[in-house]
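A short worksheet on the structure shown next.
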Amino acid sequence: MTDRKIVINSLPSPTWNRLKINDAIVTLPDNIRNGVACVELSPDIVCYDADFPSEIQTGMGTDIDGFFRLASTNGFIVNSGTPTPVKLEYKETDSVCSEYFEVEDGASLNVIQTFSLSEPGNLFDRIVFRIKKHAKVTLTQIFCGKSSSETLSAVGSLVDEGACFNVIQIFLNGRNYSGLQSELIGDGSSFSADCAYNVGTNEILDINYNIIHFGKQTNCDIKTAGTLYGNAEKIFRGTIDFRRGSSGSTGSELEDVMLLSDDVINKTIPVILCKEEDVEGNHGATIGEIPEELLFYLMSRGLSAEEISEMLARARLERVIHLIPDKHTQCSLLK
Amino acid sequence: MEDKTYIEDINRSFYDFRNEDKDSYKVEEGLTPDIVGKISDEKNDPEWMREFRLKALDIYNRLEMAQWGPPIDGLDMDNIVTYVRPKTKMTAKWSDVPDEIKDTFERLGIPEAERTSLAGVGAQYDSELVYHNVKEEVAAQGVVYAGIEDSLRGPYAEMIRSHFMKLVTPSDHKFAALHGAVWSGGSFVYVPPGVSVEIPLQSYFRLNAPGAGQFEHTLIIVDEGADLHFIEGCSAPKYNIANLHAGCVELFVGKNARLRYSTIENWSKNMYNLNTKRAIVEDGGRMEWVSGSFGSHTSYLYPMTILNGNNSSMEFTGITFAGKGQNLDTGMKVVHAGENTRSVINTRSISKDGGISTYRSSVQINKKAKKAKSTASCQSLMIDDISQSDTIPAMDVRTKDADVGHEAKIGRISDDAVFYLMSRGISEEEARALIVSGFADNVSKELPLEYAVEMNNLIRIEMKGAIG
């Protein structure tokens, strides 16, 4: 049997092909098993075997959904605020998992996913949320597998009136592909993403965010920051899409990349698509090495260049780690 | 009931006059080796150029259409006439140009501009140059400004051959290949070392024949330490069938030289504008693009600069106005290859009345481009909720020793800004007009006065009504 290649993380509005930035191509192994995440769950969350939620699309695209259907979908219904986060840990190599969360009106939910493959291999996960009126969901994803492991995470959400979907992503190790789509269908709904990463030698990070504003007065705020060293390769695609009718909406996207090696490849494409006049959209990106003035300042205080690089890279990660709504998880990461 | 505030579309009636299509020769519609051969015969091409054309046609037939960008389904090459020769030969005196054609350029203000403020003019009508002249004092400096076809045989033949379609090759994309096969007309400019051409040279392109294509080739070589400002203008009357513009501009900026290339593009709304422009800049050289895009039904337009030499730099200033029925996909590309290179990009776009404006860019920093610096600012203004404005900027950085920044904003005319001006005694109508004029100011202030006036005439904003 041969593995097959599939296109994922496609830009909704592609650009010049020769830039090789429009999408990613990954190999899907034939030998894959239905994976199970280790779950820590509060008793007031209802669990069931769900149908594959194809109506909620992820940023990875629909081509790969056929592959995700190989997994049975674990469904969760959240009726009210949960005091403790739902923790999902993924350690099984060559496995595929699927989760569906239905968060009822006014409920709140924290989900923490940790992807930590300890051997070379693949891990595929699809997690989607139906976030109903005035509900609030915070999804934290921590990618800390071995450098030679490969994790594909597809995330999707439908966000209803007045509801919020906040995403915290921390990429520490491995070859990681993340495709996230959030549809702000209800008026006053919002999305935020705080993403931090360290991508090193022989590692890849491929991110595709697609935030679609349908409702009025919807808001999205995306911040990504990280460090590349060795022969790291990173692609960030972030699309803010204001559809007709999304008047009064705002969207903001900011990327800050620190480059520590001459062998890195950094590709950034922050896209704004706008069919609505009464919106405000902006994006900014800064890419480069440590500014000379800052380097000089810190070296004159006795720090070496290596210590400075490490300190600044750590600062980028720690800013986001401190946003995780779980002290235990924060502490274990900070160690 | 008072009318809601609106901004008037660009007034094209000034350009929308047409002459009867009284060509002296026209190839049949479509694209075949036979047609390409006939064009080559008409031009009395040297043998290498004939072979070049036929190879380019092969490449055109092999290449696929791009899958990104605005649709060009309305363009059917089987219905495009690729060569239309007007009933005149090229001359250096306006008095020798046939009246109808001369009147065309008079109405467009070209001869007057030449008299008052230009060092030389090339005027192309359909597929051929009809007028080309350069002022004596400029020619005396050794500046060459001539029709490129005439220059294929003569003292600059070898220079042209060694540069022609080396920067934009036929395999670059399908319409570059098309250009290579059927190109006709256009100018060759050579500025010797150390020569500064104090006042601009201009080429103006007028496409009169319906269903025709214009494929002029502009080749400019600015030698070491030289300085030139080149202005390009274009227009056409509107027809109900498609016209095609697939010109090509190749610019070679030598060591410590400077070239400013200004364009006011005002093709009619049946035009498919698939133009390719590229510059390569050597050590210490500087390339400046000033670009105003107002016309065409559909545009694919991305002037590209290769900062090949160390300490070379590029500045790009552009504005795009997409009105009803227009889909204008414009932007720029820059490749930082040398060390200590700089690029500064400042673009604006306005969309109204259902127009679609897309800013598309690529900033590439190569591995060896140490200390490269690039900053880009892109602002888009949407005038109503039936238009569309997209921003698709790509950055590819392959060295740590670079500094790249990009920012973009999209939105409508700020109510706060209007309120501020109104609180200072300005009417709402004037306030909105002032804001939009200011928005387009980035380009108009880079142009010579006469062209800034023309550009502002093109925009001509009319505000009506109460607070809406």
Q. Can you tell which of A:F242, A:F296 is surrounded by 21 or more Cβ atoms within 10 Å (Cβ to Cβ) and either within 10 Å of chain B (Cβ to nearest Cβ) or not small (G, A, S) (or both)?
A. A:F242
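Count, please, the residues in segment A:293-313 that happen to be of a type in the set (D, E, K, R) and more than 22 Å from B:D403 (Cβ to Cβ).
Adding up the residues that qualify gives 2.
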Q: Give the residues of segment B:362-391 that are facing another protein chain (nearest Cβ under 7 Å) and under 28 Å from B:N311 (Cα atoms), sorted by residue number.
A: B:S362, B:K367
Q. Counting only residues that are closer than 13 Å to B:T399 by Cα and more than 22 Å from the chain's Cα centre (by Cα), how many does segment A:232-267 have?
A. 4
Q. Can you pull out the strands (runs of 3 or more DSSP E) entirely within segment B:242-303 that have at least 1 residues that are of a type in the set (D, E) and modelled with pLDDT of 90 or more?
A. B:248-253, B:286-293
Q) Looking at B:K238, is it surrounded by 21 or more Cβ atoms within 10 Å (Cβ to Cβ), among the charged types (D, E, K, R) and touching a strand residue (DSSP E or B) at 6+ places or on another chain (Cβ under 9 Å)? A) no
**Q.** Matching entry among B:H163, B:H179, B:H173 (being of a type outside the set (K, R), over 15 Å from B:K43 (Cβ atoms) and under 18 Å from the mean Cα position of the chain (by Cα))
**A.** B:H173
Q | Wholly within segment A:1-68, strands (runs of 3 or more DSSP E) carrying at least 2 residues that are closer than 17 Å to A:T239 by Cα | A | none
(Q) Just to check your reading of the model, which residue among A:E280, A:E310 is modelled with pLDDT under 95 and either facing another protein chain (nearest Cβ under 9 Å) or in contact with a helix residue (DSSP H, G or I) (Cβ under 6 Å, 6 or more places away or on another chain) (or both)? (A) A:E280
Q: Inspect segment B:74-82 for any residue being assigned to a strand (DSSP E or B), under 28 Å from B:Y300 (Cα atoms) and not charged (D, E, K, R) and give the result as yes or no.
A: yes
Q. Taking A:D221, is it under 18 Å from A:V271 (Cβ atoms), surrounded by fewer than 21 Cβ atoms within 10 Å (Cβ to Cβ), within 16 Å of the chain's Cα centre (by Cα) and of a type in the set (D, E)?
A. yes
Q: With the checklist (1) of a type outside the set (A, V, I, L, M, F, W, C); (2) surrounded by fewer than 24 Cβ atoms within 10 Å (Cβ to Cβ); (3) touching a Leu at 6+ places or on another chain (Cβ under 7 Å); (4) modelled with pLDDT under 95 in hand, flag the one item A:G145 doesn't pass.
A: (2)
Q: Working only within segment A:5-45, note down all residues that are more than 14 Å from chain B (Cβ to nearest Cβ) and more than 19 Å from A:R126 (Cα to Cα).
A: A:S42, A:P43, A:D44, A:I45
Q: Just give me the residues in segment B:398-424 being within 33 Å of the chain's Cα centre (by Cα), more than 7 Å from every other protein chain (Cβ to nearest Cβ) and either farther than 23 Å from B:S351 by Cβ or of a type in the set (S, T, N, Q) (or both), in sequence order.
A: B:S414
Q.
Residue under question is B:S203, and the condition is that it be surrounded by fewer than 19 Cβ atoms within 10 Å (Cβ to Cβ) and either of a type outside the set (F, W, Y) or part of a strand (DSSP E or B) (or both); does it hold?
A. no
Q: Would you point out which residue out of B:S377, B:S361, B:S351, B:S387 is surrounded by fewer than 21 Cβ atoms within 10 Å (Cβ to Cβ) and out of contact with any Leu (no Cβ under 6 Å at 6 or more places or on another chain)?
A: B:S377
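The values are calculated or read from the model by the stated rules, or taken from the named source; none is laboratory data. Just so we're clear, the structure is a prediction, and the values are computed from it rather than from any experiment. So basically every Cβ, Gly included, is an ideal-geometry build from the backbone, and we count neighbours across all protein chains shown.
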